[in-house]
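Right, one structure below, let's go through it.
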Amino acid sequence: MAYYNCCNYLASLTLNYFFNIPEMLKNYLKISIRSLIRHKLFSGINILGLALGLSAFLLIQEYVNFEKSYDTHYDKADQLYRVSTFEVINDVVEAKDAMATYGAGKVLTDEIPEIINYTVTLKFEELVFRKGENIVHEKKVISGDSNFLKLFTYKVLQGDIETMLNEPNALVLTKSKAIDYFGDENALGQTIEILGDFNRSFVVTGVLEDIPDNTHYKFDIIMSDKSIVDRFDYNNWNWNNYYVYLQLTSDFDKATLDEKLAAITKKYEGEESNSLWDVHPVSGIHLTSDFTFEPEMPGNAKAVSFLAIISIFILIIAWVNYINLSTARAVDRAQEVGLRKVIGAFKAQLILQFLLESLMINLLASLLALIILEAALPFYHGIIGTVITDHI
């Protein structure tokens, strides 16, 4: 009977404990708020220190994620590769060129089953456009064949992706460039004159969403490839002035592909040629490229990794600083702990109270960090030269 009564008593205590948890947590919350208010300087230093560390961590991680996101937004980004040209002398690679000859795309697609599709594009140094009385020097103009927008899947706002680059004298503009030339008017079907070597009018056949900054091959205007067939010798196998991109199968073997590339290079450029075609994943160009004639200055994978490590150390230092400050106050809290134990507080209850207080400090620091982050972003974007939050 005594055992039975003891069990009932313990069960009753357990039930009362669990039923009183909401009131207990409410009481702990009040105590935590009072403690923070009573020690304003300590609380302020703790919260501000954590907030600054966390905001610095978030800013650096935002940049790191942006750098790693280059060319990953295409529908089949993991299957896109670029053909590059190596100069090999005595089995040593002496030069790496990001460009290749115009015919490489077609012959490789025809002769290698692992290649699904290809596109060839040329980047112009500068072209002079005229719309009415306005003359504009455009530096972000490229050529594109009918496959370009099938591999690089940018959002089409106007026009038919299947036909917009099929005919000569056709232009595809980005949204911002269409607004620059035509304002609120419908750009489709409008004409723009290109001076210089072209000296003729081109028709706008499509409008794309603005090209994101996290791509290695930026442009504002695409000229149809058929507009320049009379200017270049497409059968010249030694004229490496084009960027050639391939879509490969997802399960191709790189070693087997390299053997085929070597054989085909010799077949078309001659046995005596030192050139060798190679392929490089598009998503890795920005951070890992060591090629000459890149469309833009590439990033640095080691620098990005180093920044990521620094951001983690900043966060750890902020937490260590918080722990040190909390430890320094432990002596002051000893009297409070002793008093609470005298009146019957359990060890678990004391732990829960201090955890709740720590959670409040971290939550307030996180909210302050987000405020600092939002306030700092305009200055941060000015320093790095791009608005990165739109592309992550």
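The values are calculated or read from the model by the stated rules, or taken from the named source; none is laboratory data. These numbers were taken from a predicted model, which means no experiment stands behind them. All Cβ positions, even for glycine, are placed from backbone atoms using ideal geometry, and neighbour counts span all protein chains on display. Ligands, DNA and RNA are stripped out before the accessible areas are found, and what is left, the full protein with its side chains, is counted by its heavy atoms. Shrake-Rupley method; radii C 1.70, N 1.55, O 1.52, S 1.80 Å.
Filtering segment 196-219 down to residues that are in a strand (DSSP E or B), open to solvent by 10 Å² or more (accessible area, probe 1.4 Å) and not hydroxyl-bearing (Ser, Thr, Tyr), which residue is farthest from residue 114 (Cα to Cα)? Spell out the reasoning first.
Filtering segment 196-219 down to residues in a strand (DSSP E or B) leaves 200-208.
From the residues that got through so far, the ones that are open to solvent by 10 Å² or more (accessible area, probe 1.4 Å) too are 200-201, 203, 205.
Cutting the leftovers down to not hydroxyl-bearing (Ser, Thr, Tyr) gives us 200, 203.
Values: 200: 40, 203: 36 Å.
Ranking the qualifying residues of segment 196-219, first place goes to 200.
Quick grid of which residues meet (1) surrounded by 14 or more Cβ atoms within 10 Å (Cβ to Cβ); (2) not in a strand (DSSP E or B):
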| site | (1), (2) |
| --- | --- |
| 63 | yes, yes |
| 73 | yes, yes |
| 86 | yes, no |
| 135 | no, no |
| 154 | yes, yes |
| 162 | no, yes |
| 165 | yes, yes |
| 177 | yes, yes |
Residues that are under 18 Å from residue 151 (Cβ atoms), open to solvent by 20 Å² or more (accessible area, probe 1.4 Å), in contact with a strand residue (DSSP E or B) (Cβ under 7 Å, 6 or more places away or on another chain) and among the charged types (D, E, K, R): does segment 108-119 have at least one? yes
Any chance segment 234-255 includes a residue that's more than 19 Å from residue 149 (Cα to Cα), assigned to a helix (DSSP H, G or I) and either open to solvent by less than 10 Å² (accessible area, probe 1.4 Å) or modelled with pLDDT of 90 or more (or both)? yes
Looking only at segment 179-193, how many residues end up being part of a strand (DSSP E or B) and open to solvent by less than 10 Å² (accessible area, probe 1.4 Å)? 1
Consider residue 363 carefully, then state whether it is open to solvent by 90 Å² or more (accessible area, probe 1.4 Å), modelled with pLDDT of 75 or more and in a helix (DSSP H, G or I). yes
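Determine if segment 220-232 includes at least one residue that is of a type outside the set (Phe, Trp, Tyr), open to solvent by 50 Å² or more (accessible area, probe 1.4 Å), touching a residue at least 40 places away in the same chain (Cβ under 8 Å) and out of contact with any helix residue (DSSP H, G or I) (no Cβ under 7 Å at 6 or more places or on another chain). I'd like the intermediate steps shown before the answer.
Just the residues of segment 220-232 that are of a type outside the set (Phe, Trp, Tyr), to begin with: 220-231.
Pick out the ones that are also open to solvent by 50 Å² or more (accessible area, probe 1.4 Å) and you get 226, 229-231.
This time we only want the ones that are touching a residue at least 40 places away in the same chain (Cβ under 8 Å), so: 226, 229.
Still in the list and also out of contact with any helix residue (DSSP H, G or I) (no Cβ under 7 Å at 6 or more places or on another chain): 226, 229.
Yes, segment 220-232 contains a residue that is of a type outside the set (Phe, Trp, Tyr), open to solvent by 50 Å² or more (accessible area, probe 1.4 Å), touching a residue at least 40 places away in the same chain (Cβ under 8 Å) and out of contact with any helix residue (DSSP H, G or I) (no Cβ under 7 Å at 6 or more places or on another chain).
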